[in-house]
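Q: Please read through the structure below; I'll follow up with questions.
The values are calculated or read from the model by the stated rules, or taken from the named source; none is laboratory data. As the structure is a computational prediction, the values presented were derived from the model and not from experiment. A quick note on method: Cβ atoms are made from the backbone with ideal geometry, for glycine too, and the neighbour counts reach across all protein chains shown.
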Amino acid sequence: MQVTFYGVRGSCPSPGPEFIKYGGNTACVHINLDDGTDIILDAGTGIKKLGDKLIKQNNDIHLLITHNHWDHIQGFPFFAPIYQPNRNIFITPGQTTHSEHNAILEQMSGSYFPVDYKTLRSNIEIVPQDEDIHSWKIGSATITRLAMNHPGGGSSFCIQADGKKVAYITDNELYPPYKKNTDFLDWVSFSQNADLVIHDAQYMLADMPAKAGWGHSVAEEAVKLAMGCRAKRMALYSHDHIRTDDEIAEIESHCQDVIEIGGADLQLFAAAEGLSLTL
């Protein structure tokens with residue numbers, strides 16, 4: 001299993017020289033399984049560069065969307081394979097509070113975008129899972145989902161294949177001021193013994209309480225989740241769009257201190273565009 005980060009920002013892209021090391025594109029992670037299956041997590045602006053790679057292939061693409069906030073779907077109209085004749089693209093939308101399964105397509109309609117999604121030459125199929133289904137198969141992978149704590153709802157995903165497990169939990173507020181969809185201990189069970197946990201770490205304690213309820217986690221809390229589920233590796237993800245490279249490096253160093261104090265055997269890093277891991 002190969003995991004590659006193509007977009008790691010939350011809220012909106014971050015252009016500029018102070019955002020070079022970790023990158024400025026919004027959420028997109030590519031997982032390539034040993035059997036050749038391509039699974040994409042979210043379609044933020046990072047998916048554009050991934051499309052330049054996948055356009056050279058003809059195999060099916062499976063896109064899992066956590067939710068429909070702009071930073072998770074705004075790259076889709078620029079994803080080259082959607083313009084590829086007869087390319088099969090299967091999209092599984094997240095379980096949002098209002099079921100808007102076609103939102104990722106409907107942004108390409110009316111006055112929103114010059115190319116209407118109905119004119120695309122690829123074979124795009126929206127494949128929502130029934131509400132009571134929490135696990136299904138894609139290729140050799142077992143996909144499991146769990147409800148995010150985020151305004152408007154959405155889904156986090158676990159991908160298990162090739163003897164490995166990746167938990168993708170972004171835009172998730174572990175301790176929200178509103179009624180939780182998922183408790184901390186449920187997140188621990190969901191991510192138990194993961195080879196890699198990719199978790200929202202957009203805020204620091206200094207950002208609170210001003211941003212409580214916005215649907216993102218404090219970095220230290222995310223680290224405690226990774227420690228609690230005995231993950232092997234953790235990626236700090238969904239970096240705030242105003243965080244400079246130096247500031248993200250400071251957060252990473254602080255989280256390393258939290259792990260050392262906790263005595264956990266956890267490898268932690270701040271996710272960066274272009275970073276690729278073989279699990």
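Rundown of residues vs (1) in contact with a Cys (Cβ under 6 Å, 6 or more places away or on another chain); (2) at pLDDT 95 or above; (3) of a type outside the set (Ser, Thr, Tyr); (4) surrounded by fewer than 24 Cβ atoms within 10 Å (Cβ to Cβ), yes/no style:
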| site | (1), (2), (3), (4) |
| --- | --- |
| Pro17 | no, yes, yes, yes |
| Ile20 | no, yes, yes, yes |
| Cys28 | no, yes, yes, no |
| Gly44 | yes, yes, yes, no |
| Leu54 | no, yes, yes, yes |
| Asn59 | no, yes, yes, yes |
| His62 | no, yes, yes, yes |
| Ala80 | no, yes, yes, yes |
| Thr92 | no, yes, no, yes |
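Q: Any residue in the stretch 78-91 that is free of Cβ contacts under 8 Å to residues at least 40 places away in the same chain sitting within a Cβ distance under 6 Å of a residue that is small (Gly, Ala, Ser) and crowded, with 22+ Cβ neighbours inside 10 Å? List the pairs, counting only those 6 or more apart or interchain.
A: Phe79/Gly51; Ala80/Gly51
Q: Oh, and also: Which pairs do you get when a residue that is aromatic (Phe, Trp, Tyr), found in the stretch 29-45, comes within reach of a residue that is modelled with pLDDT under 95, reach meaning Cβ atoms under 6 angstrom, with the pair 6+ apart or on two chains?
A: Pairs that qualify, where the first residue is aromatic (Phe, Trp, Tyr) and the partner is modelled with pLDDT under 95: there are none.
Q: Next question, about the same structure. Quick one: in the stretch 232-271, which of the residues that are touching a His at 6+ places or on another chain (Cβ under 9 Å) and either in a loop (DSSP other than H, G, I, E, B) or small (Gly, Ala, Ser) (or both) is nearest to Gly16 (Cα to Cα)?
A: Asp240
Q: Something else now. Quickly run through the stretch 20-49 and pick out the residues that are in a strand (DSSP E or B), out of contact with any Pro (no Cβ under 7 Å at 6 or more places or on another chain) and closer than 18 Å to Asp240 by Cα.
A: To start, the set of residues in the stretch 20-49 that are in a strand (DSSP E or B) comprises 26, 28-32, 38-41.
Filter once more, keeping what is out of contact with any Pro (no Cβ under 7 Å at 6 or more places or on another chain): 28-32, 38-41.
Correct list: Cys28, Val29.
Q: Kindly indicate the residue of the stretch 157-183 that is surrounded by fewer than 14 Cβ atoms within 10 Å (Cβ to Cβ) and aromatic (Phe, Trp, Tyr) and also nearest to Asn68 (Cα to Cα) among those meeting that condition. Before you say what the answer is, go through the steps one by one.
A: Quick first cut of the stretch 157-183, residues surrounded by fewer than 14 Cβ atoms within 10 Å (Cβ to Cβ) only: 163, 175, 177-179, 183.
Imposing the further condition that a residue be aromatic (Phe, Trp, Tyr) reduces the set to 175, 178.
Values: Tyr175: 22, Tyr178: 20 Å.
Out of the qualifying residues, it is Tyr178.
Q: Let me ask something additional. Check off (1) surrounded by fewer than 20 Cβ atoms within 10 Å (Cβ to Cβ); (2) closer than 27 Å to Ile133 by Cα; (3) in contact with a Pro (Cβ under 9 Å, 6 or more places away or on another chain); (4) modelled with pLDDT of 95 or more for Thr97 and give me the number that stays unchecked.
A: (4)
Q: Given the residues Asn181, Asn193, Asn172, which is the only one that is within 14 Å of Ala235 (Cβ to Cβ) and part of a loop (DSSP other than H, G, I, E, B)? Walk me through how you get there before you give the answer.
A: Details: Asn181 fails: within 14 Å of Ala235 (Cβ to Cβ); Asn193 fails: within 14 Å of Ala235 (Cβ to Cβ).
Of the residues listed, the single one that is within 14 Å of Ala235 (Cβ to Cβ) and part of a loop (DSSP other than H, G, I, E, B) is Asn172.
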